[in-house]
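Right, one structure below, let's go through it.
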Amino acid sequence: QVQLVESGGGLVQTGGSLRLSCAASGLTFTNFAMGWFRQAPGKEREFVAALTGSGLITDYADSVKGRFTISRDNAKNTVYLRMNSLKPEDTAVYYCAAIRVLARLANEYDYWGQGTHVTVSS
């Protein structure tokens, strides 16, 4: 079965950086666009970034554009989210997800990981 396993979350100070990883198995990785979403306590899950199976096309939420970078290594079946200049409002559980066609709506994604916590202290 399909599994998406996130890692790399943790506690970081404002202005710091983290790199999240999501290892995929049980699917033909290059056939899927991959997305990152986040959910803060008491808030809805929101789109962060996504990229196509080739990695050539990327999409970012305005709130993270210029600070976060999504990338993938298809040889390792892994997608990454590099997060720089972190702010307290970036605190959330971050999820990776897989979809056939690049999209922003969470309910369109086919597969989800279990999430990794990111806490940015002020």
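The values are calculated or read from the model by the stated rules, or taken from the named source; none is laboratory data. Note that this is a predicted model, so its numbers are computed, not measured. No Cβ is skipped: glycine too gets one built from the backbone with ideal geometry, and neighbour counts run over all protein chains shown. Heavy atoms of the whole protein, side chains included, go into the accessibility calculation; ligands, DNA and RNA do not. Shrake-Rupley method; radii C 1.70, N 1.55, O 1.52, S 1.80 Å.
Key figures for this structure:
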item: Near pairs, Cβ below 8 angstrom, 6+ apart or cross-chain, from segment 41-55 (among the polar types (S, T, N, Q)) to any residue that is in a strand (DSSP E or B); result: T52/A33; T52/T58
item: Selection within segment 67-88 - under 19 Å from S122 (Cα atoms), touching a residue at least 40 places away in the same chain (Cβ under 8 Å) and among the charged types (D, E, K, R); result: K87
item: Residue match in segment 23-34 (condition: at pLDDT 95 or above, under 18 Å from T116 (Cβ atoms) and surrounded by fewer than 20 Cβ atoms within 10 Å (Cβ to Cβ)); result: yes
item: Of all residues making up segment 106-122, the number that are at pLDDT 95 or above and open to solvent by 20 Å² or more (accessible area, probe 1.4 Å); result: 10
item: Extreme residue, farthest from L102 (Cα to Cα), among residues of segment 44-82 that are assigned to a strand (DSSP E or B) and aliphatic (A, V, I, L, M); result: L81
item: Hits in segment 83-105 - residues which are open to solvent by less than 50 Å² (accessible area, probe 1.4 Å), among the small types (G, A, S) and in a loop (DSSP other than H, G, I, E, B); result: A103
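To keep it simple, each residue is scored yes or no on (1) within 14 Å of W112 (Cα to Cα); (2) touching a Leu at 6+ places or on another chain (Cβ under 8 Å); (3) crowded, with 18+ Cβ neighbours inside 10 Å; (4) basic (K, R).
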| site | (1), (2), (3), (4) |
| --- | --- |
| E44 | no, no, no, no |
| D59 | no, yes, no, no |
| R72 | no, yes, yes, yes |
| A75 | no, no, no, no |
| Y80 | no, yes, yes, no |
